[in-house]
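Down below is the structure, laid out as structure tokens.
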Amino acid sequence: MHAYANPARFLKIARPLTPVCVGVGLLLVLLGSYVGLFLTPPDYLQGDTVRIMYIHVPAAWLGMGGWTGIAIASIVQLVWRHPLAGVAGRAIAAPGALFTAICLLTGSIWGRPTWGTWWEWDGRMTSMLVLLFLYFGYMALANASDERTTVSRATAIFGIVGAINIPIINRSVVWWNSLHQGPSITLRGSSISSEILWPLLPTVIGFSLLFGGVVLMRMRANLAEAKVEARMRRMAAS
Amino acid sequence: MKAKKQRLILALLGLGAVVGAGLLAASGLKTEASFFFAPGDVAGIDLPLGKAVRLGGMVADKSIRHDADGVTIHFVVEDGKAKVPVVFKGIAPDLFKENSGVVAEGEFRADGSFVASNLLAKHDERYMPPELDGKMHKTGSLKS
């Protein structure tokens, strides 16, 4: 892992990887959305509302996956002092928050016709809203310190502490009576019929690749900015 | 090397403490964080009379009965352990039907029945096309 501690070596891989992630991701998202919107059958109960799932599920997965990434980056930063870990954490925060917001929004739009309400303080919804606020807190904390490319140690600690919300979100529908339905896709299989389920695969993978591409872009932009700053400082000194 | 190991142990201890605290809090919140009472939850205890609560469960088979006024609905909510008769006056959501999940907002009456002021339909985790309706699964409970 420390082979990539050198930003130049990281950039050598990140540069060609970015367009691949974005291109393939975009293609898969478009494919999954087209199939999900036009070709799959409606649900027997929800009708066409079921199609919001093809956006909602990837958004939920990336909102939670984003924070898991932040938590891992935080541990790597605190324990191994890896110079890119903080850069990655900072880069993940904004897209993670965006997807969490998309998840809450699409869920609300789905909830109105299905449950009969836009919002209820149910365990799943509340813990997901808390995740959004955790992202805001992380971003505020990251910008509160002098660190511009990486994040401060306090921010990294916050990233680890906030990770406790991830299993809570995941288990909220199992531990507590909730309005949100239980997990459809578990290790034992799926309770979503396969002809409705399958476009979810390309949209989940596609949005994940897009997410990865955006994170790589943000990391590269941050590193480039640090480089410019260092060069300006050197020019001013000479 | 030693400092690195120390930091690793410290980070793991910290992570363990946070996870432990979270799990303790979650189990402590077991009843408070629940969105609704299931009929089985209130079967043994004193009914929370005069308090706004939610009652959730399955709408029992062939239990929906409409009054002559057209807006009053009687039905029974069950969870496999107990049954609670519910009366509701108003417009029910589209997905409200028998053998399907419901969350009723309202309050209990002393005789054990429930007066609902609002109904929410609870969708379960099964999704299927119309031609498979009821053929693939039979809804029996709120949880898989």
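Values as computed for the structure displayed
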| quantity | calculated |
| --- | --- |
| Test result for B:Ala25, buried (at least 17 other Cβ atoms within 10 Å of the Cβ), closer than 29 Å to A:Gly159 by Cβ and of a type in the set (A, V, I, L, M, F, W, C) | no |
| Subset of the range A:30-40 [surrounded by 15 or more Cβ atoms within 10 Å (Cβ to Cβ) and either touching a strand residue (DSSP E or B) at 6+ places or on another chain (Cβ under 9 Å) or not aliphatic (A, V, I, L, M) (or both)] | A:Gly32, A:Ser33, A:Gly36, A:Thr40 |
| Sole exception among (1) aromatic (Phe, Trp, Tyr); (2) within 14 Å of chain B (Cβ to nearest Cβ); (3) crowded, with 22+ Cβ neighbours inside 10 Å for A:Phe211, by number | (2) |
| Of all residues making up the range A:222-238, the number that are part of a helix (DSSP H, G or I) and either within 14 Å of chain B (Cβ to nearest Cβ) or exposed (fewer than 12 other Cβ atoms within 10 Å of the Cβ) (or both) | 9 |
| Test for A:Val151: is it of a type outside the set (D, E, K, R) and within 17 Å of the chain's Cα centre (by Cα) | no |
| Complete set of residues in the range A:97-125 that are within 20 Å of the chain's Cα centre (by Cα) and without any contact (Cβ under 8 Å) to a residue 24 or more places away in the chain | A:Leu98, A:Leu105, A:Ser108 |
| Filter pass, A:Ser145 being of a type in the set (Gly, Ala, Ser), more than 19 Å from the chain's Cα centre (by Cα) and surrounded by fewer than 19 Cβ atoms within 10 Å (Cβ to Cβ) | yes |
| Which numbered condition B:Val19 misses (of (1) within 10 Å of chain A (Cβ to nearest Cβ); (2) in a strand (DSSP E or B); (3) not charged (D, E, K, R)) | (2) |
| The range B:31-50 residues that are away from chain A (no Cβ under 14 Å), paired with ones that are surrounded by 10 or more Cβ atoms within 10 Å (Cβ to Cβ) (beta carbon under 7 Å, 6 or more apart) | B:Ala43/B:Lys81; B:Ala43/B:Ala82; B:Leu47/B:Phe108; B:Leu47/B:Gly112; B:Pro48/B:Phe108; B:Leu49/B:Phe108; B:Gly50/B:Glu107 |
| Helices (runs of 4 or more DSSP H) fully within the range A:145-204 counting 2 or more residues that are more than 9 Å from every other protein chain (Cβ to nearest Cβ) and in contact with a helix residue (DSSP H, G or I) (Cβ under 6 Å, 6 or more places away or on another chain) | A:153-162, A:165-175 |
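Rundown of residues vs (1) over 21 Å from A:Val204 (Cα atoms); (2) buried (at least 18 other Cβ atoms within 10 Å of the Cβ), yes/no style:
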| position | (1), (2) |
| --- | --- |
| A:Asn6 | yes, no |
| A:Leu28 | no, yes |
| A:Gln46 | yes, yes |
| A:Arg51 | no, yes |
| A:His82 | yes, yes |
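Since every read-out is calculated from the coordinates, none of them should be taken as a lab result. Computed from a prediction, not measured in an experiment: that's the story for all the values here. Cβ: placed from backbone, ideal geometry, glycine included. Neighbour counts: every protein chain shown.
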